[in-house]
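> One structure coming up, written as structure tokens, with questions to follow.
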Ligand code: SAH
Ligand code: SF4
Ligand code: F3S
């Protein structure tokens, strides 16, 4: 009998880290671990870290500082650092934080059970390899830790694009696609467990080119095959690169009803000069052309994006080009950030924009994006939409779900169940969500 132990995982960063945290929890199941949401009752605490923007490493060290009293109260408590900061910092973490017992990068979490055993035997292992073997093939067939009607499924990992600002190619490694047959099997298993919506994940998900039974499958082919699974109602994918938006994927948006009308397609900047300096390898006009073709295929497509302001060399005129692009597209929702130099990336060597100027530009961009989000949400009021309910809301009898356009929708109706898809008439738009009532 393995000893019963508690695992607490704190997850930072992107959706892939959320997926990875679940896989780590599953990997540790056979070693007797079950997940707890109370760090003070844990035998093992894992921080699954993100390195994408400023002071990420510093945040991890201060979080580790906050864990000190727990370790003092329970000398048996073990602490591990996983994810992208672990990959970037490696051994350095053990040197700077004596309370850390293990460090593992995103590609080695199938080795976590062996590392945990080594820790119990007194070692302080560090594993930031990019191993030959596929970690997914080496994970135990453990019961899933999450019971929800929506799930993530990593189909592609890593990136070969090397945008000048970005750490992902270094922390996640080269672009790898998982075999299509495995993904179909994993998706069927999720659906058998009650999942109705799957979001396909990848740092460059639309570059997916996995081995299929009859040759290499594109993301569009994978989506079409997944759509044949009975009981799977909704398919999404994120994050995409404009240069990998193929004709068949654009067509799928018009042809495949299970593919949801929402697309996160980051452009980063509207200035060709800045895009070139970022090594994005696409121009603003090409991006706008892409949006036009996507909307021709699926007129109600809701667009989301990412923007970086204050990239080294960005002038006021460059920034105005970004605002112009945003106006031309009309986003339903978007993320925007001040540029943050990441050690080891090409742009980190360049002279930056004055931080005050960058902050002021970010405010202007965010004001415009917020206005567009409000307008997109207001346009839903009075409309009838399909909502997949995911969890209870804060009020009695209230449930929260997502519309096809990924709007959070609150409905107060005691007859609703988690996992149900209901027709809802939208009656109200709040800053980050909608509210409505079930249509009989
Ligand atoms: N693979 C995705 C993005 C992954 S990172 C893509 O190619 O679009 C998520 C977002 O973080 C990026 O789109 C970018 O807007 C932002 N980001 C990445 N590195 C950054 C940096 N050094 N400073 C500020 N924002 C950054
Ligand atoms: Fe980073 Fe995305 Fe560029 Fe890859 S394509 S380097 S993940 S921003
Ligand atoms: Fe962060 Fe790594 Fe994801 S740096 S955004 S956790 S790929």
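> Count, please, the residues in region 392-425 that happen to be part of a strand (DSSP E or B) and farther than 22 Å from residue 259 by Cα.
Just the residues of region 392-425 that are part of a strand (DSSP E or B), to begin with: 392, 398-403, 408-412, 421-425.
Still in the running and farther than 22 Å from residue 259 by Cα: 392, 398-399, 410-412.
Counting residues in region 392-425 that are part of a strand (DSSP E or B) and farther than 22 Å from residue 259 by Cα gives 6.
> Report yes if residue 148 is under 18 Å from the mean Cα position of the chain (by Cα), at pLDDT below 95, more than 16 Å from ligand 1 (Cβ to nearest atom) and surrounded by fewer than 17 Cβ atoms within 10 Å (Cβ to Cβ), otherwise no.
Here the answer is yes, as residue 148 does meet what is asked.
> Could you tell me whether region 268-282 includes any residue that is on the phi < 0 side of the Ramachandran plot, within 16 Å of ligand 3 (Cβ to nearest atom) and touching a strand residue (DSSP E or B) at 6+ places or on another chain (Cβ under 6 Å)?
So in region 268-282, the residues on the phi < 0 side of the Ramachandran plot come out as 269-278, 280, 282.
With within 16 Å of ligand 3 (Cβ to nearest atom) added as a condition, the list becomes none.
Checking region 268-282: not a single residue is on the phi < 0 side of the Ramachandran plot, within 16 Å of ligand 3 (Cβ to nearest atom) and touching a strand residue (DSSP E or B) at 6+ places or on another chain (Cβ under 6 Å).
> If you take the residues in region 238-263 that are within 16 Å of ligand 3 (Cβ to nearest atom) and in a loop (DSSP other than H, G, I, E, B), which one is nearest to residue 280 (Cα to Cα)? Can you show your working first?
Going through region 238-263, the residues within 16 Å of ligand 3 (Cβ to nearest atom) turn out to be 238-241.
Filter once more, so that each one left must be in a loop (DSSP other than H, G, I, E, B): 239-241.
Details: 239: 15, 240: 13, 241: 9 Å.
Only one residue tops the list, namely 241.
Here is a yes/no grid of residues against (1) surrounded by 22 or more Cβ atoms within 10 Å (Cβ to Cβ); (2) closer than 16 Å to residue 244 by Cβ; (3) at pLDDT below 95:
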site	(1), (2), (3)
139	no, no, yes
142	no, no, yes
156	yes, yes, no
160	no, yes, no
164	no, no, no
168	yes, yes, no
177	yes, yes, no
180	yes, no, no
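> Given 76, 22, 116, which one is surrounded by 21 or more Cβ atoms within 10 Å (Cβ to Cβ) and more than 16 Å from ligand 2 (Cβ to nearest atom)?
116
> If only one of 362, 388, 434 is crowded, with 19+ Cβ neighbours inside 10 Å and touching a helix residue (DSSP H, G or I) at 6+ places or on another chain (Cβ under 8 Å), which one is it? Quick ask: steps written out before the conclusion?
On the way: 362 fails: touching a helix residue (DSSP H, G or I) at 6+ places or on another chain (Cβ under 8 Å); 388 fails: touching a helix residue (DSSP H, G or I) at 6+ places or on another chain (Cβ under 8 Å).
Being crowded, with 19+ Cβ neighbours inside 10 Å and touching a helix residue (DSSP H, G or I) at 6+ places or on another chain (Cβ under 8 Å) holds for just one of 362, 388, 434, which is 434.
> Specify which of the listed residues (344, 305) is assigned to a loop (DSSP other than H, G, I, E, B) and within 16 Å of ligand 3 (Cβ to nearest atom). Can you show your working first?
Numbers: 305 fails: assigned to a loop (DSSP other than H, G, I, E, B).
From the options 344, 305, the qualifying one is 344.
> Being in a loop (DSSP other than H, G, I, E, B), at pLDDT 95 or above, under 30 Å from residue 149 (Cβ atoms) and in the same structural domain as residue 314 (by TED's automatic domain parsing) is the requirement here; does residue 331 meet it?
Numbers: in a loop (DSSP other than H, G, I, E, B): yes; at pLDDT 95 or above: yes; under 30 Å from residue 149 (Cβ atoms): yes; in the same structural domain as residue 314 (by TED's automatic domain parsing): yes.
Yes.
The values are calculated or read from the model by the stated rules, or taken from the named source; none is laboratory data. Remember, it's a predicted structure, so these values are computed and weren't measured experimentally. Note that each Cβ is placed from the backbone with ideal geometry, even for glycine, and that neighbours are counted across all protein chains shown.
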